[in-house]
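For reference, the structure is listed below as structure tokens.
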Amino acid sequence: MARAIDDSSAPAHYVLGASRRRLNVMDIWGTRNVAWMIGVRDVKAKYKQAALGPLWLIIAPLGLLGAVTVAFSGVTDVDTGGIPYLPFALAGLTVWIFIQLSLTIGTQLLITNSQLVRRSPLPRVALITGSLLGNLPPFAVMLTLLIVVTAAVHGFPVQALLLPLLCAWLFAFTFAATLIVASLAARYRDLVSAMPLVVQAGIFVTPVGYGLQGAPANIHTLLSLNPLTGMIEAWRWSLLDMPDPNLTVIAVSLVSTVLALVVGWRIFGRLEVDFADFV
Amino acid sequence: MPTSSERPADQPELALDCRHVTKAYRLGETLSLQRSLRMLVPGHSVVDDRFRALDDVTFSVARGDFFGIVGTNGSGKSTLTQTISGITVPTSGEVHIWGRVLPLLEVGAGFHDELTGRENVFLLGAILGLSGSQVRGALDAIVAFSGVERHIDTPMKRYSSGMKARLSFGTAICFPAETYVFDEVLAVVDEEFRNQCVAELQRLNAAGRTIIFMSHDLDLVREVCRSGMWLDKGKVRLVGSMQEVARAYHAGALRHATPVGG
């Protein structure tokens with residue numbers, strides 16, 4: 001929705017037109033109310049009419065944890081730098097599950113909400129932030145699990161205090177990636193078909209169940225370019241005191257996050273004006 | 001106050017002002033494998049067929065008016081409602097709006113089947129930019145108007161289509177706004193509820209609210225609207241008093257009795 005041009009007591013004056021720039025970074029904050037409602041809607045809708053309901057919040061990550069443990073640590077020796085495998089894998093999974101979930105839902109976001117997009121003046125950015133808010137419960141469960149397990153078997157180093165920053169970084173990256181996939185998928189449905197593939201292959205080329213150090217040399221470059229690699233390195237260093245984190249890879253990841261934010265915001269701003277014509 | 005230069009001097013109080021609004025769509029599939037392959041062939045470009053759903057539409061609605069828009073299917077009425085509600089952006093031209101616009105373009109638009117009636121009212125309120133207290137303030141009126149007291153905490157998927165329509169209308173009508181936009185939505189409800197809605201719209205209008213009402217039901221439009229516009233194939237054919245517009249539209253529709261697709 002366009003913003004009011006004047007804010008006096010008379011009815012606000014809005015102008016809608018092709019040349020008007022509609023999107024502003026402040027809209028993210030300005031639409032928090034509706035984003036919250038969308039997030040709550042998604043969470044409620046997800047666990048209604050399900051026998052196990054919110055129990056899936058626990059079952060789903062445990063299932064993935066089991067699969068990752070069997071696939072990586074069961075088949076080969078994973079070099080964790082002396083960290084017990086359970087918290088090591090959980091750190092990777094906490095990051096991975098949130099991004100995987102957000103991208104999967106994000107690709108379909110404008111399409112499953114086409115009714116809203118076509119028939120109501122919903123601020124579109126609120127759909128993105130709302131969907132991320134709706135993915136917070138599974139993330140919170142994972143994070144709690146990670147913290148409890150780490151406290152029990154390993155203990156925290158002092159740099160664990162950076163956790164809020166790490167979470168902010170994860171949210172920023174996920175927000176940027178969701179902006180990109182959601183707006184592109186509204187136009188190019190190819191993304192809807194491609195995303196399951198990306199997500200399924202992604203867990204093998206991201207050090208979720210294994211570490212960057214122990215990875216074979218031939219995929220080391222590929223792993224270093226994956227923006228999630230540096231993020232997971234940073235999480236493991238901060239929470240688990242992983243020795244010798246790869247600073248270059250962390251820097252690559254930070255730079256890609258900033259880049260993704262800039263690019264994602266521009267793509268979204270360009271495409272959101274005619275979402276209603278494409279979904 | 002909006003600056004006086006933004007308004008024509010002879011019409012001091014406007015709710016809506018459409019200036020040369022054009023909305024063009026590409027005809028046919030915008031993307032397909034066939035299309036992608038064709039673009040790869042050297043020297044073979046894909047020509048876009050553009051279709052103007054709205055073609056240089058210029059009109060204004062005075063504040064407090066009850067304004068009807070008539071036209072056959074495919075005349076651009078729905079595109080116009082989407083444009084003035086801020087859902088889609090015109091290809092060229094500008095829409096000026098004074099005050100909050102509350103659109104009801106489809107029965108149940110914005111509702112989610114898994115949520116209860118109450119949750120849906122709050123969701124829709126948030127979508128329309130209302131605060132929680134504004135929604136709470138309207139809730140009693142919405143429930144009373146739509147007559148769904150006993151079902152307000154039941155998931156929407158167990159509502160009958162009539163109950164859904166009632167709640168949808170109740171929400172749209174009871175929320176505060178300066179301008180209300182209705183697109184062909186009264187067609188789906190029964191006579192009794194339709195009369196209730198019309199009475200409520202007239203009450204809102206008497207209280208100074210602007211109502212913009214799209215329909216191809218000429219009798220209804222004649223009954224409720226003061227002034228109006230005839231939209232034909234994306235172009236404005238006539239703007240004037242509703243009686244005059246309805247008469248011309250009726251005559252025109254008889255003359256070109258060929259149905260227009262879309």
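The values are calculated or read from the model by the stated rules, or taken from the named source; none is laboratory data. What you are looking at is a predicted structure, and each value in this text was computed from that prediction instead of being measured. We place every Cβ from the backbone using ideal geometry, glycine too, and count neighbours over all the protein chains shown. Only protein heavy atoms, including side chains, enter the accessible area calculation; ligands, DNA and RNA are left aside. Shrake-Rupley method; radii C 1.70, N 1.55, O 1.52, S 1.80 Å.
Data table
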read-out	value
Cut-off under 5 Å, modelled amide H: who pairs with B:LYS23 long-range	B:ALA53, B:LEU54, B:ASP55, B:ASP56, B:THR91
Per-pair calculated FRET efficiency, R0 = 51 Å: B:LEU27 and B:ARG136 via Cβ, rounded to 0.05	0.65
Radius of gyration and Dmax over the Cα atoms of the stretch B:41-144, both given in Å	18.9, 66
Pairwise FRET efficiency - A:SER114 versus B:SER241, Cβ, R0 = 56 Å, nearest 0.05	0.90
Cα convex hull of the stretch B:72-227 - mean projected area over all directions, nm²	9.6 nm²
Too-long pairs where the Cα-Cα distance tops 24 Å, listed order kept, from A:LYS44/B:LYS157; B:LYS164/B:LYS235; A:LYS44/B:LYS164	B:LYS164/B:LYS235
Contour excess over end-to-end distance, with Cα ends at B:GLU200 and B:VAL188 and 0.36 nm allotted per residue	2.6 nm
Label-to-label distance, nm, for residues given as A:ILE58 and B:ASP49 (7 Å Cα→Cβ offset)	6.0 nm
q = 0.22, 0.24 Å⁻¹, the stretch A:135-227: log10 I(q)/I(0) [Debye, one scatterer per Cα]	-1.33, -1.32
10 Å Cβ neighbours from other chains, averaged over peptide B:80-87	5
Sulfur and carbon atoms: percent of accessible area, chain B [1.4 Å]	51 percent
Relative frequency of Cα-Cα separations exceeding 41 Å in the protein assembly as shown, percent	33 percent
Spread of Cα-to-Cα distances over 10 Å intervals beginning at zero, given as percent, for the stretch A:81-211	12, 37, 30, 15, 5, 0
Amide H contacts under 5 Å for B:ASP232, placed H, 5+ residues apart	B:ARG237
Histogram of C-alpha separations across chain B, 10 Å bin width, %	7, 27, 31, 22, 10, 3, 0
Accessible area per residue, Å², chain B with all protein chains present, probe 1.4 Å	45 Å²
Convex hull volume per residue for the stretch A:212-257, taking Cα atoms only, in Å³	61 Å³
Projected area, mean over directions - the stretch A:158-278, Cα convex hull, nm²	8.3 nm²
